[in-house]
Amino acid sequence: MNCYNYLVLNTADRSMNYSATADKCDDTLDFNHWYRIAGAAGTQIPEKEVPYRRCGARYPGWMDGAHPSVEDGVVTRKLCFVLGKVRCRWQSEIKVQNCGGFFVYKLAPPSYCNQRYCGYHGKGFISCSLN
């Protein structure tokens, strides 16, 4: 169900490459829904630390752990928010599911404002067709 019923985060200022100073916060997201990172935002939440003040926020968020395979189903991962040189100043738990061609996330509300989930253009997926 999560792979068919989700909201999309797709703005360019959510990308980990976005470095303009901004103080956006994800406190306005609907945490009852699953989310997909898409479009200019990227394809997934980064699995490595994001530099301070990226993604349109003072405290960018990244996932400390690998994305699951389709067979793994829904998994729990630690989400970290960066403060200066502190790579995981605040943390929370999120749920992640591999939908075959993309990932969906059940995000947690930020614990402090100016925290925002980042997007990243990941390796992508290999798809094959049977002829």
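Where strands (runs of 3 or more DSSP E) fall wholly inside the stretch 1-77, the ranges with 3 or more residues that are in contact (Cβ under 8 Å) with a residue 40 or more places away in the chain are 35-37, 59-64.
Kindly establish whether residue 109 is more than 17 Å from residue 16 (Cα to Cα), outside any strand (DSSP E or B) and open to solvent by 40 Å² or more (accessible area, probe 1.4 Å). The answer is yes for residue 109.
Does residue 46 qualify as being within 17 Å of residue 2 (Cα to Cα), within 15 Å of the chain's Cα centre (by Cα) and at pLDDT 95 or above? In short, no.
Picking from residues in the stretch 1-18 that are closer than 18 Å to residue 122 by Cα and polar (S, T, N, Q), the one that is least open to solvent (accessible area, probe 1.4 Å) is 15.
The values are calculated or read from the model by the stated rules, or taken from the named source; none is laboratory data. Nothing here was measured: the structure is a model prediction, and the numbers come from that model. Please note: Cβ atoms are built from the backbone with ideal geometry, for glycine as well, and neighbour counts cover all protein chains shown. Ligands, DNA and RNA are stripped out before the accessible areas are found, and what is left, the full protein with its side chains, is counted by its heavy atoms. Shrake-Rupley method; radii C 1.70, N 1.55, O 1.52, S 1.80 Å.
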